[in-house]
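The values are calculated or read from the model by the stated rules, or taken from the named source; none is laboratory data. These figures come from a predicted structure and were not determined experimentally. Every residue, glycine as well, gets a Cβ built from its backbone with ideal geometry; the counts of neighbours run over all protein chains shown.
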Amino acid sequence: MPEEVATGCGGMCGGLGDGKILRRGGILKRLGVVLLLTVVALAQNSPQNAGLPETKPAGAQGADLASQVPSPRAEDVKSLDNILLAIYDVISGPAGDRDWKRFRSLFVPQARFTQTMKAPDGSVVVNLLGVDDFVMMAGDVFKKDPFYENAIVNRAQSFGNVTQVFSSYESRRAPGAKPFERGINSIQLINDGKRWWVLSILWDEERPDNPLPAEFAAEAAKNK
């Protein structure tokens with residue numbers, strides 16, 4: 001299990017009142033309890049709480065959608081398998097910057113990242129992030145720590161242009177090193193007839209009371 005770390009370590013952590021924070025991990029789980037503070041701040045400054053009418057973002061379709069993100073690598077978005085590989089590849093590497101233009105090119109502009117985890121008191125915490133939130137917070141983390149993540153098993157179900165993938169993952173500090181975390185990403189995607197897009201990623205980490213099901217851990221040996 002990843003150890004607890006002291007507060008004051010930057011974007012991935014924040015206090016819980018007892019001087020400790022939630023554990024690091026996941027495709028975007030090293031962001032820690034600081035996400036709680038973000039959610040609270042957003043809620044406090046929402047249009048409803050400010051007494052203002054709620055505004056909704058304008059929709060984007062077809063070419064208009066593509067115009068709102070950087071141009072993708074053709075290989076990244078031409079197939080389901082390729083975009084799943086790209087999701088993990090673009091966030092993996094030694095400590096330092098990531099190719100955030102490539103990252104943004106995989107997602108619709110309004111994509112959501114949803115982290116679920118358990119607080120020390122056993123309560124379930126849900127953190128919601130947009131693309132910009134994720135880039136800012138994960139970018140701070142990746143600049144300080146090497147991070148490598150790969151899929152173990154991808155299980156996809158499709159209906160029309162909609163696809164849902166349960167993708168179990170392993171996170172490492174170096175290629176070939178022992179994973180410090182595993183879990184499952186629930187990835188929602190669409191194919192607009194021209195390319196694949198990621199709509200959202202929802203994830204939870206493996207814990208003693210939440211082990212990976214055998215069918216999602218069976219390929220782990222190939223990645224060791």
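Please specify each residue of segment 71-92 satisfying the condition of being more than 20 Å from Q164 (Cα to Cα) and either modelled with pLDDT under 95 or exposed (fewer than 14 other Cβ atoms within 10 Å of the Cβ) (or both). Of everything in segment 71-92, those that are more than 20 Å from Q164 (Cα to Cα) and either modelled with pLDDT under 95 or exposed (fewer than 14 other Cβ atoms within 10 Å of the Cβ) (or both) turn out to be S71, A74, E75. Against the test of being more than 14 Å from the chain's Cα centre (by Cα) and on the phi < 0 side of the Ramachandran plot, the options D121, D89 yield a single qualifying residue, D121. Checked against the criterion of being at pLDDT 95 or above, surrounded by 15 or more Cβ atoms within 10 Å (Cβ to Cβ) and within 23 Å of E215 (Cα to Cα), segment 140-149 contains one or more residues that satisfy it. Inclusion of R182 among residues that are under 14 Å from E206 (Cα atoms) and either charged (D, E, K, R) or modelled with pLDDT under 95 (or both) is warranted.
Please verify whether D204 is of a type outside the set (S, T, N, Q) and more than 22 Å from G93 (Cβ to Cβ), treating the condition exactly as stated.
On the way: of a type outside the set (S, T, N, Q): yes; more than 22 Å from G93 (Cβ to Cβ): yes.
Taking the combined requirement at face value, the residue satisfies it.
Only one entry of V153, V131, V135, V198 meets the criterion of being farther than 24 Å from Q110 by Cβ, surrounded by 15 or more Cβ atoms within 10 Å (Cβ to Cβ), of a type in the set (A, V, I, L, M) and within 18 Å of the chain's Cα centre (by Cα), and that entry is V153. Consider I152 carefully, then state whether it is under 20 Å from P175 (Cα atoms) and either out of contact with any Phe, Trp or Tyr (no Cβ under 8 Å at 6 or more places or on another chain) or of a type outside the set (S, T, Y) (or both). Against the criterion (under 20 Å from P175 (Cα atoms) and either out of contact with any Phe, Trp or Tyr (no Cβ under 8 Å at 6 or more places or on another chain) or of a type outside the set (S, T, Y) (or both)), I152 qualifies.
How many residues are small (G, A, S), modelled with pLDDT of 95 or more and loosely packed, with under 15 Cβ neighbours inside 10 Å if we restrict to segment 102-122? Give the derivation first.
First, pick out the residues of segment 102-122 that are small (G, A, S): 105, 111, 119, 122.
Those still in the list that are modelled with pLDDT of 95 or more too: 105, 111.
Okay, now just the ones that are also loosely packed, with under 15 Cβ neighbours inside 10 Å, so none.
Residues meeting the conditions: 0.
Here are G93, G130: which of them is farther than 23 Å from E170 by Cβ, in contact with a Phe, Trp or Tyr (Cβ under 9 Å, 6 or more places away or on another chain) and not aromatic (F, W, Y)? Checking each option against the conditions leaves just G130.
For R112, state whether it is in a strand (DSSP E or B), of a type in the set (K, R) and either under 28 Å from A66 (Cβ atoms) or touching a residue at least 24 places away in the same chain (Cβ under 8 Å) (or both).
yes
When you check I190 against the structure, is it assigned to a strand (DSSP E or B) and either in contact with a His (Cβ under 9 Å, 6 or more places away or on another chain) or surrounded by 21 or more Cβ atoms within 10 Å (Cβ to Cβ) (or both), yes or no? Answer is no for this residue.
Only residues that are under 14 Å from A174 (Cα atoms) and basic (K, R) were counted across segment 133-149, and they come to 1. Filtered by the rule that a residue be touching a Pro at 6+ places or on another chain (Cβ under 7 Å) and surrounded by 14 or more Cβ atoms within 10 Å (Cβ to Cβ), segment 156-175 gives E170, S171, R172, R173.
Going through (1) modelled with pLDDT of 95 or more; (2) within 17 Å of F142 (Cα to Cα) one by one, V34 falls short only on (1). Only a single criterion out of (1) out of contact with any Phe, Trp or Tyr (no Cβ under 7 Å at 6 or more places or on another chain); (2) over 26 Å from V77 (Cα atoms) is not satisfied by R173, namely (1). Restricting attention to segment 92-109, and to residues there that are of a type in the set (A, V, I, L, M) and either assigned to a strand (DSSP E or B) or under 16 Å from the mean Cα position of the chain (by Cα) (or both), which single residue is nearest to S71 (Cα to Cα)? The selected residue is L106.
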